[in-house]
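*Asks:* One structure follows; several queries about it will come next.
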Amino acid sequence: MAEDILRVEDLTKSFDGNTIMNNINFSVPRGELSAIIGPNGAGKTTLFNLITGYHLPDKGRILLEGRDIVGKHPYDIVRLGIARAFQRTNIFPRLSVLENMVATVISNRRGSLNMVTPVQKLKAVHERAYPVLESVQLAEAAERQSGTLPHGDQKRLDIAMALALEPKILMLDEPTAGISPEERWQTIDLVHELWQRLGITMIFIEHDMDIVFKISQKIRVLCYGSLLAEGTPAEISKNQKVIEAYLGEEV
Ligand SMILES: Nc1ncnc2c1ncn2[C@@H]1O[C@H](COP(=O)(O)OP(=O)(O)O)[C@@H](O)[C@H]1O
Ligand SMILES: [Mg+2]
């Protein structure tokens, strides 16, 4: 049996007295490609915020390779191996694509690089950024101002910025949100190929059920505070609770 890289135990979170997450439990085996699905407002992004240290849970543990990361700063969680791309991209629009990559690496390595960093070291960061940009088909856009790129390219830049942090777990919050149906598959094929090539664990939030059911090994369904179900695409598509609460007759 594969070792669990991530384990969420009794995770609970309220905002202003509203329980958004109520005793969520699940484990993610190392190397798994999985989806989180659920209605708008179900708490999917909140779950990512809790795992990546942006929010503190009211209760529960989040174990990364057996170690509880609750209470750790987001930077420390990145260094322990969890990186994310955001539902609304996290890029600096005025910086070039390459500068965004460099800024991400520098700002997430507190102390090791700063304003007086020797040029040699910066050069090394540049050199490492290029293959990552190539892997998301953005190497040719390296010098472009990132805010002028098409939305799909900006989403892929956000993914590249997360990948530049060399994570063990990559979390993607709606990697295809707001991009055209044609571009959507291009992005997803790329995500799938990156997963196969890098062998890392990936967890993505996605609304497009064709995508979810096509590429996921495991699907977890969040529904207003609870983990309604988890299973393979075949299991989830037959799950009566999920069909009633979320999928309808769609799948
Ligand atoms: N920082 C916050 N403060 C207050 N309420 C929040 C905050 N973040 C999320 N929420 C609320 O939590 C619920 C779940 O939001 P979210 O996790 O963004 O859902 P999803 O990503 O599944 O659409 C929503 O009702 C949202 O308004
Ligand atoms: Mg969300």
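The values are calculated or read from the model by the stated rules, or taken from the named source; none is laboratory data. What you are looking at is a predicted structure, and each value in this text was computed from that prediction instead of being measured. Virtual Cβ from ideal backbone geometry, glycine too; neighbours counted across all protein chains shown.
*Asks:* Across segment 58-73, what is the total count of residues that are touching a Ser or Thr at 6+ places or on another chain (Cβ under 6 Å) and at negative phi? Full working, then the answer.
*Replies:* The initial filter retains those residues of segment 58-73 that are touching a Ser or Thr at 6+ places or on another chain (Cβ under 6 Å), namely 58-60.
Next, from what is left, pick out any that are at negative phi: 58-59.
Counting residues in segment 58-73 that are touching a Ser or Thr at 6+ places or on another chain (Cβ under 6 Å) and at negative phi gives 2.
*Asks:* Moving on to the next point. Given the criteria β-branched (V, I, T), within 27 Å of Q137 (Cα to Cα) and either within 13 Å of ligand 1 (Cβ to nearest atom) or surrounded by fewer than 16 Cβ atoms within 10 Å (Cβ to Cβ) (or both), does I20 qualify?
*Replies:* On the way: β-branched (V, I, T): yes; within 27 Å of Q137 (Cα to Cα): no; either within 13 Å of ligand 1 (Cβ to nearest atom) or surrounded by fewer than 16 Cβ atoms within 10 Å (Cβ to Cβ) (or both): yes.
Judged against the criteria, I20 is not a match.
*Asks:* Out of E193, E143, E99, E166, I need the residue that is on the phi > 0 side of the Ramachandran plot and at pLDDT 90 or above. Which one?
*Replies:* Values: E193 fails: on the phi > 0 side of the Ramachandran plot; E143 fails: on the phi > 0 side of the Ramachandran plot; E99 fails: on the phi > 0 side of the Ramachandran plot.
Only one candidate qualifies: E166.
*Asks:* Residues that are surrounded by fewer than 18 Cβ atoms within 10 Å (Cβ to Cβ) and within 16 Å of ligand 2 (Cβ to nearest atom), at least 1 per element: which strands (runs of 3 or more DSSP E) completely within segment 139-251 meet that?
*Replies:* Working: elements: 169-173, 201-205, 218-223, 226-231.
Fully inside segment 139-251 and qualifying: 218-223.
*Asks:* Is it the case that Q87 is at pLDDT below 95, assigned to a loop (DSSP other than H, G, I, E, B) and either buried (at least 17 other Cβ atoms within 10 Å of the Cβ) or not assigned by TED's automatic domain parsing to the domain that holds T176 (or both)? Before you say what the answer is, go through the steps one by one.
*Replies:* Working: at pLDDT below 95: yes; assigned to a loop (DSSP other than H, G, I, E, B): yes; either buried (at least 17 other Cβ atoms within 10 Å of the Cβ) or not assigned by TED's automatic domain parsing to the domain that holds T176 (or both): yes.
For Q87, the condition - at pLDDT below 95, assigned to a loop (DSSP other than H, G, I, E, B) and either buried (at least 17 other Cβ atoms within 10 Å of the Cβ) or not assigned by TED's automatic domain parsing to the domain that holds T176 (or both) - is met.
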